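Accompanying notes for the structure given below.
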Amino acid sequence: MTRKEVELSLATKKDIPRIVSFLSKPEIDRAFVPHLSQRSLSIEERVESKLVKGFWLIAYHNKVIVGCRGCNGIVDQIKGVVEFSTIAVAQNLQRTGIGVLLLRTAVKIALERYAPSVMKFDSWSTNTTIERMALKVGFIKNRTFEDPAKRPPGIQSVEYILDCSKHIREQ
């Protein structure tokens, strides 16, 4: 399968159960540090909250979800900051470009919808796949930090940011 065989769409309320089911698959859930099912918000609460505040972008192949990207919307009105969160791609389709496609498209949607100054998201320090995707799309590593509320001891968080004024000029 190629990236061209993937369709992207913005989620609606009716998509919530399908996104929850996708993120609840053991191979997807276990790919996160800590696992999505072990976080303070349930997977369903996580999906619903992002849909209310921001959006979910879904990647489909033959009408089956093969990836998704969450956006929390504007998290700082004064500074104009948009925050992304959960990104997941089916294990058998990783390294096919679907993650980059989801990230690039989510950036484009956020630019149009929110006109932010900055976009950001974080991941764990050993997640080299996310780092490669972020850098490919134009994000830079902003900082590495301890986040005991989000990551287990010994695992640092890395924040990636995108200066939207620079990104707009380069498009």
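With a 1.4 Å probe and all protein chains left in place, how much accessible area per residue does segment 1-99 have, in Å²?
Details: 5290 Å² over 99 residues.
Here the residues of segment 1-99 average 53 Å² of exposed surface.
Taking segment 53-83, which trypsin sites (Lys or Arg not before Pro) meet the DSSP loop condition and have no more than 12 other C-beta atoms within 10 Å? If you can, show how the numbers build up before the last one.
Working: sites: LYS53, LYS63, ARG69, LYS79; in loops: LYS63, LYS79.
Hits after loop and neighbour filter: LYS63, LYS79.
Loop only by DSSP, 11 or fewer other Cβ within 10 Å of the Cβ. Give me the GluC sites (Glu not before Pro) in segment 1-87 that pass, ordered by residue number. It would help to have the intermediate numbers written out before the result.
Values: sites: GLU5, GLU7, GLU27, GLU44, GLU45, GLU48, GLU83; in loops: none.
Within segment 1-87, no GluC sites (Glu not before Pro) qualify (loop, at most 11 other Cβ atoms within 10 Å).
Stretch ILE155-THR128 to full length: gain in nm at 0.36 nm per residue minus the Cα-Cα span? All intermediate terms of the calculation are to be shown ahead of the outcome.
Details: separation 27, 0.36 × 27 = 9.72 nm, distance 1.34 nm.
Contour length minus the Cα-Cα distance gives 8.4 nm.
Along the Cα→Cβ direction, 7 angstrom out, place labels at LYS14 and THR144. What is the inter-label distance in nm?
It is 4.6 nm.
If you place +1 on the Cβ of every Lys and Arg, -1 on the Cβ of every Asp and Glu, and leave all else neutral, what size is the dipole of the chain about its Cα centre, to the nearest 20 Debye? Let's see the in-between values first.
Numbers: 27 positive and 18 negative charges, 71 e Å.
Charge dipole, the chain, about its Cα centre: 340 debye, nearest 20.
Keeping the other protein chains in place, figure out the carbon and sulfur percent of the accessible area of segment 70-171, with a 1.4 Å probe. Working shown, then result.
On the way: 2780 of 5460 Å².
For segment 70-171, the apolar C and S fraction of the accessible surface comes to 51 percent.
Could you tell me the largest-minus-smallest coordinate of the C-alpha atoms of the chain on each of the three principal axes, in descending order and whole angstroms?
Taking the Cα atoms of the chain, the three principal extents are 38, 37, 30 Å.
Rounded to the nearest Å, what's the spacing between the alpha carbon centres of segment 136-163 and segment 4-36? Just the number, please.
22 Å
In the structure shown, do any of LYS25/LYS150; LYS79/LYS120; LYS79/LYS136; LYS53/LYS136; LYS14/LYS53 have a Cα-Cα gap over 18 Å, and if so which? Walk me through the numbers on the way to the answer.
Numbers: LYS25/LYS150 21 Å; LYS79/LYS120 12 Å; LYS79/LYS136 25 Å; LYS53/LYS136 27 Å; LYS14/LYS53 16 Å.
Checking Cα-Cα distances, LYS25/LYS150; LYS79/LYS136; LYS53/LYS136 exceed 18 Å.
For every helix of n ≥ 4 consecutive DSSP H residues, a contribution of -39,500 (n - 2.57) applies; sum these over the chain, divide by its total residues, and give [θ] at 222 nm rounded to the nearest 500 deg cm²/dmol. Display every interim value, and only then the final one.
Numbers: 6 runs with 58 residues, N = 171.
Counting only the DSSP helices, I get -10000 deg cm²/dmol.
The values are calculated or read from the model by the stated rules, or taken from the named source; none is laboratory data. Keep in mind the model is a prediction, meaning the values are calculated, not measured. We place every Cβ from the backbone using ideal geometry, glycine too, and count neighbours over all the protein chains shown. For the accessible areas, the whole protein counts, side chains as well, though only heavy atoms, and no ligand, DNA or RNA atoms are used. Shrake-Rupley method; radii C 1.70, N 1.55, O 1.52, S 1.80 Å.
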